Every structure is written in C-alpha cells, then in structure tokens.
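The values are calculated or read from the model by the stated rules, or taken from the named source; none is laboratory data. As the structure is a prediction and not an experimental result, all values here were calculated from the model. Glycine gets a Cβ as well: all are built from the backbone with ideal geometry, and neighbour counts include every protein chain shown. Remember, those area values only see protein heavy atoms, side chains included, never the ligands or the DNA or RNA. Shrake-Rupley method; radii C 1.70, N 1.55, O 1.52, S 1.80 Å.
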Amino acid sequence: MVYGSHVDLRKGVEPLSGLVRMMHLSTTDGSVYVFLNRSRNRMKLLHWERGGYVIYYKRLEQGRISLKVFRSPSAPQFYSLRWDELLLFMEGVYPSAARRKRFNIQ
C-alpha cells in the first residue's frame, strides 16, 4: 500500500502507523505500507511481523522515484501496488514506462 502524498521521513513507527490508522487501515494485516519524501529520493516501508514492526529505509543515490507514484497529492490516501511494481519503484523505475534505462553488467 503506497501513501499517495509525501511524508516527513524523520517519523518513526508510531507516527507512520498513525497515518495508516487515520485512513481506517490496519497496520497488522500483513500489508507493506510505503511512504516517500518530498524530493522522491527516499522511502520507508512499514511492515508488521510476528515480533513487531519493521521499517525498511531506501535512499536512491541517483535519480528519483517517478512523480506518477503520487496519484492524488491533494487528497492523501493509500492505494495498492503489486510486489513486483514495488521492487521497481525501489530501484527508481516506473513500471509502465515505455522506455527503461539499460545498464551494462560487468
């Protein structure tokens, strides 16, 4: 589930889970909740596991996450995303882009 607006990523578990609960969703339902910063070069993933919350933090060294990720910046809400799309977003690639960069593997 991706939050459709930017978030101050200095927030920890409680404020991020509070955003989820404000949208009448459950943080303990097994979903991964994705939050992005204003400049779209960092993201946090909030996930509940048996022992408690886990936060994953990703910082892109180059580039930004596509602006198309933010579907409704005026009315923040969560929207669902497939796992393979999430992995592409984490790499800074928009899944339905007509042309993607090619990288040389050495």
| Relative to the present Cα-Cα distance, how much length would full extension add between Arg50 and Trp83 at 0.36 nm per residue of separation? | 9.9 nm
| query | In segment 1-70, what percent of the accessible surface is made up of carbon and sulfur (1.4 Å probe, ligands and nucleic acids excluded)? | reply | 49 percent
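For the full complex of protein chains and a 1.4 angstrom probe, list Glu61, Glu85, Glu49 by accessible area with the highest value first.
Glu61, Glu49, Glu85
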| Distance between modelled label sites at Ser26 and Asn41, nm, 7 Å Cα→Cβ extension | 3.9 nm
